[in-house]
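A.B. asks: Here you go, one structure.
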Amino acid sequence: MFGGGKGANQAVAAARAGGFVTFLGAYGPDTFGAEARDRLVKEGINVDRFQCVQSLPSGIALILVDGVTRENLIAVAKSANEAVDSAMVSAARSVFESAAVVISQLEIRDGAIEAVARLCHELGKPFVLNPAPSRTLPKPIYENLHVIVVNEHEARDITGQEDIPEAIRRLHGLGCKNVVVTLGASGVMFSEGRTVEFVAAPKVEAVDTTGAGDCFVGWLGVGVAEGLSLHAATERACRAASIKVTRPGAQDGMPYRREMVSDG
């Protein structure tokens with residue numbers, strides 16, 4: 001049993017990448033929730049906005065890892081994450097005001113995501129969204145993103161396009177300014193609107209791919225916060241994810257900044 005949840009995984013990845021992280025979310029009054037909170041605290045993450053919802057259980061997921069490819073299939077149970085709403089987001093305005101970047105995924109409701117997008121747009125804060133589990137969103141959300149990060153399956157699911165470069169063009173057409181598509185062991189494709197570029201992934205022996213995408217998103221977000229170009233942030237995030245897949249567990253396997261040798 002490992003600590004998980006896409007938001008928590010991304011928060012841990014960002015903290016280990018050197019970010020000062022505040023986590024906004026919800027958990028239930030159970031052992032899973034208490035342990036989730038403790039894990040974040042141990043990573044130095046601010047949990048003042050991580051709220052306990054008495055009426056709902058904490059989020060859990062069953063993850064199946066293929067014995068040959070090491071790819072995974074994840075089933076997520078509905079939980080206290082359902083309680084994260086626009087009011088909770090609005091109440092955290094001061095946190096958004098002091099943020100250098102905001103990162104989210106779709107394990108919370110659309111209303112909360114819409115509130116985050118509006119607030120980031122109003123405050124001029126870069127919003128990095130990982131639309132997973134994938135679903136279509138209102139166009140204003142796409143238009144207010146700084147970067148959308150999807151894997152190849154999510155890109156195809158959202159756009160209906162098998163060809164990844166075409167899917168990237170469709171995402172731009174929806175209003176996304178910057179698009180990043182992770183391709184697993186093959187690397188990453190990204191675009192800032194004019195051309196599609198490619199970053200190859202380092203060759204490693206994969207043990208567990210669980211959390212690799214979250215690792216990538218967390219590191220990419222820190223790169224954006226530090227003012228790196230999209231190419232530089234993508235390349236570093238790809239290297240971090242390649243380290244993560246060599247280790248079991250989502251949060252446990254996230255690399256630390258000191259492990260990224262070229263960053264000093």
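A.B. asks: Considering each residue of segment 188-241, count those that are of a type in the set (S, T, N, Q) and part of a strand (DSSP E or B), and give that number. If you could, list the steps in order and put the result at the bottom.
C.D. replies: Here is the first cut: in segment 188-241, the residues of a type in the set (S, T, N, Q) are 191, 195, 209-210, 229, 234.
Applying the additional criterion that residues be part of a strand (DSSP E or B) yields 191.
Residues in segment 188-241 being of a type in the set (S, T, N, Q) and part of a strand (DSSP E or B): 1 in total.
A.B. asks: Does R239 fit the bill of being more than 23 Å from A61 (Cβ to Cβ) and surrounded by fewer than 15 Cβ atoms within 10 Å (Cβ to Cβ)? Write out each step before concluding.
C.D. replies: Working: more than 23 Å from A61 (Cβ to Cβ): yes; surrounded by fewer than 15 Cβ atoms within 10 Å (Cβ to Cβ): no.
Taking the combined requirement at face value, the residue does not satisfy it.
A.B. asks: Within the set of pairs 6+ apart or on separate chains, which have a first residue in segment 113-139 that is touching a residue at least 40 places away in the same chain (Cβ under 8 Å) and closer than 18 Å to E226 by Cα, a second that is aliphatic (A, V, I, L, M) and surrounded by fewer than 17 Cβ atoms within 10 Å (Cβ to Cβ), and C-beta atoms under 8 Å apart?
C.D. replies: Pairs found: P126/A100.
A.B. asks: Still on this model: Only one of these is over 21 Å from S104 (Cβ atoms), touching a helix residue (DSSP H, G or I) at 6+ places or on another chain (Cβ under 7 Å), among the basic types (K, R) and free of Cβ contacts under 8 Å to residues at least 12 places away in the same chain: R194, R156. Name it. Steps first, answer last, please.
C.D. replies: Working: R194 fails: touching a helix residue (DSSP H, G or I) at 6+ places or on another chain (Cβ under 7 Å).
So the residue among R194, R156 that is over 21 Å from S104 (Cβ atoms), touching a helix residue (DSSP H, G or I) at 6+ places or on another chain (Cβ under 7 Å), among the basic types (K, R) and free of Cβ contacts under 8 Å to residues at least 12 places away in the same chain is R156.
A.B. asks: State whether one or more residues within segment 160-179 are within 24 Å of G4 (Cα to Cα) and either in contact with a strand residue (DSSP E or B) (Cβ under 7 Å, 6 or more places away or on another chain) or not in a loop (DSSP other than H, G, I, E, B) (or both). Talk me through it step by step, then tell me what you get.
C.D. replies: Step one: filter segment 160-179 for residues within 24 Å of G4 (Cα to Cα), giving none.
No, the conditions are met nowhere in segment 160-179.
A.B. asks: Follow-up. What are the pairs with Cβ atoms under 8 angstrom where one residue, in segment 170-181, is farther than 14 Å from E192 by Cβ and modelled with pLDDT of 95 or more and the other, located anywhere, is among the small types (G, A, S) and surrounded by fewer than 18 Cβ atoms within 10 Å (Cβ to Cβ)? Sequence gap at least six, or different chains.
C.D. replies: R170/G160
A.B. asks: Could we say that A83 is more than 24 Å from L220 (Cα to Cα), in contact with a strand residue (DSSP E or B) (Cβ under 9 Å, 6 or more places away or on another chain), in contact (Cβ under 8 Å) with a residue 40 or more places away in the chain and not polar (S, T, N, Q) here?
C.D. replies: yes
A.B. asks: Tell me whether segment 188-195 contains one or more residues that are closer than 21 Å to Q10 by Cα, under 17 Å from the mean Cα position of the chain (by Cα) and either surrounded by fewer than 18 Cβ atoms within 10 Å (Cβ to Cβ) or not aromatic (F, W, Y) (or both).
C.D. replies: Keep residues of segment 188-195 that are closer than 21 Å to Q10 by Cα, which gives 188-190.
Among the residues that remain, those that are also under 17 Å from the mean Cα position of the chain (by Cα) are: 188-190.
Adding the requirement that they be either surrounded by fewer than 18 Cβ atoms within 10 Å (Cβ to Cβ) or not aromatic (F, W, Y) (or both) leaves 188-189.
For segment 188-195, residues closer than 21 Å to Q10 by Cα, under 17 Å from the mean Cα position of the chain (by Cα) and either surrounded by fewer than 18 Cβ atoms within 10 Å (Cβ to Cβ) or not aromatic (F, W, Y) (or both): present.
A.B. asks: Which residue pairs have Cβ atoms closer than 9 Å, lie 6 or more positions apart in sequence or on different chains, and pair a first residue in segment 15-44 that is within 15 Å of F2 (Cα to Cα) with a second residue that is surrounded by fewer than 23 Cβ atoms within 10 Å (Cβ to Cβ) and among the β-branched types (V, I, T)?
C.D. replies: F32/I60; G33/V53; R37/V47; R39/I45; L40/V47
A.B. asks: Select from segment 100-114 the residues that are crowded, with 21+ Cβ neighbours inside 10 Å and of a type in the set (A, V, I, L, M) and write down the one among them that is nearest to the chain's Cα centre (by Cα).
C.D. replies: That would be I103.
The values are calculated or read from the model by the stated rules, or taken from the named source; none is laboratory data. Values in this document were obtained by computation on a predicted structure and should not be read as measured data. Backbone-built Cβ (ideal geometry, glycine too); neighbour counts: all protein chains shown.
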